[in-house]
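Beneath this line is the structure, given in structure tokens, with notes to follow.
The values are calculated or read from the model by the stated rules, or taken from the named source; none is laboratory data. Being a predicted model, the structure only gives us computed values, none of them experimental. Positions of Cβ are generated from backbone atoms using ideal geometry, with glycine treated the same way; all protein chains shown enter the neighbour counts.
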Amino acid sequence: MLASGRSELQIIIDLYEYNSYVRNKYLKAIFEKVPEEERYKDRGTSFPSIVDIFVHMIDNYRFWFLYAYPNKITSFKRLRGEMGYTLKALIDENERIDNYVLNFVHDLKTSDLDKGFSAEGRRYGTVMKLDLRQMLVHVIEEELQHIGEMNALFWQMDIEPPITEYMDWVHAKQQGRI
């Protein structure tokens, strides 16, 4: 138990709920605020366009939760590039993976965090050995990184991004507004 009285697992679950809430706001903003010609414009970022960055975030969840953790990496196919996507397909896939991930983290027990597994390290040409805790924290970190990147792109287009600070989310949740 941490000083706050909350367990490590409770904090991880909160962060997954927060990222889910924020990700859905970004998906809506991309398709409601960003003109179509700007959505797919190559901006020289980690992935070419703002939509590609968003799709990568969904792919990151798909990769780790549906393929790496259950040891099915060889079956993984990216949404970006290989499978293509439409707005409806993107909304559907985001909802599908979001529901899967939230159910997954809500079903975890503290002892699950230490479960080890191996994943092919594409970047390093080796097999990574990690535990579920490391995977869960990595996926949180990866998404936060790309949300910041999308914020910069929104600002470059003179569009206000749908920033929701964690503490604002906590407060709204405590008041039953979320």
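A few remarks follow.
- Only listed residue being over 14 Å from the mean Cα position of the chain (by Cα), assigned to a loop (DSSP other than H, G, I, E, B) and among the charged types (D, E, K, R), chosen from Asp92, Asp42: Asp42
- Scan of the stretch 60-75 for residues that are part of a loop (DSSP other than H, G, I, E, B), more than 17 Å from the chain's Cα centre (by Cα) and not charged (D, E, K, R), ordered by number: Pro70, Asn71
- Only one of the numbered conditions (1) without any contact (Cβ under 8 Å) to a residue 24 or more places away in the chain; (2) over 20 Å from Asn99 (Cβ atoms) is violated by Ile50, and that is (1).
- If you filter the stretch 81-106 down to residues that are among the hydroxyl-bearing types (Ser, Thr, Tyr) and modelled with pLDDT under 90, you find that the one that is nearest to Asp52 (Cα to Cα) is Tyr85.
- Members of the stretch 1-13 that are in a helix (DSSP H, G or I) and surrounded by fewer than 15 Cβ atoms within 10 Å (Cβ to Cβ): Glu8, Gln10, Ile11
- Residues in the stretch 138-178 that are of a type in the set (A, V, I, L, M, F, W, C) and either within 18 Å of Ile13 (Cα to Cα) or not in a helix (DSSP H, G or I) (or both): 11 in all.
- Matching residues in the stretch 1-43 - criterion: being more than 18 Å from Ile147 (Cβ to Cβ) and β-branched (Val, Ile, Thr): Ile11, Ile13
- Conditions (1) surrounded by 12 or more Cβ atoms within 10 Å (Cβ to Cβ); (2) at positive phi; number of the one not met by Pro162: (2)
- Identity of the residue in the stretch 7-52, at pLDDT 95 or above and among the aromatic types (Phe, Trp, Tyr), that ends up nearest to Asp168 (Cα to Cα): Tyr18
- Residue count for the stretch 107-159, restricted to those that are on the phi > 0 side of the Ramachandran plot and either at pLDDT 95 or above or within 19 Å of the chain's Cα centre (by Cα) (or both): 1.
- Of all the listed residues (Tyr16, Tyr21, Tyr26), the sole one being of a type outside the set (Asp, Glu), in contact with a Leu (Cβ under 7 Å, 6 or more places away or on another chain), within 20 Å of Glu93 (Cβ to Cβ) and assigned to a helix (DSSP H, G or I) is Tyr16.
- Residues that are assigned to a strand (DSSP E or B) and either surrounded by 12 or more Cβ atoms within 10 Å (Cβ to Cβ) or aliphatic (A, V, I, L, M) (or both), drawn from the stretch 106-137: Phe117, Ser118, Ala119, Glu120, Gly121, Val127, Met128, Leu130, Asp131
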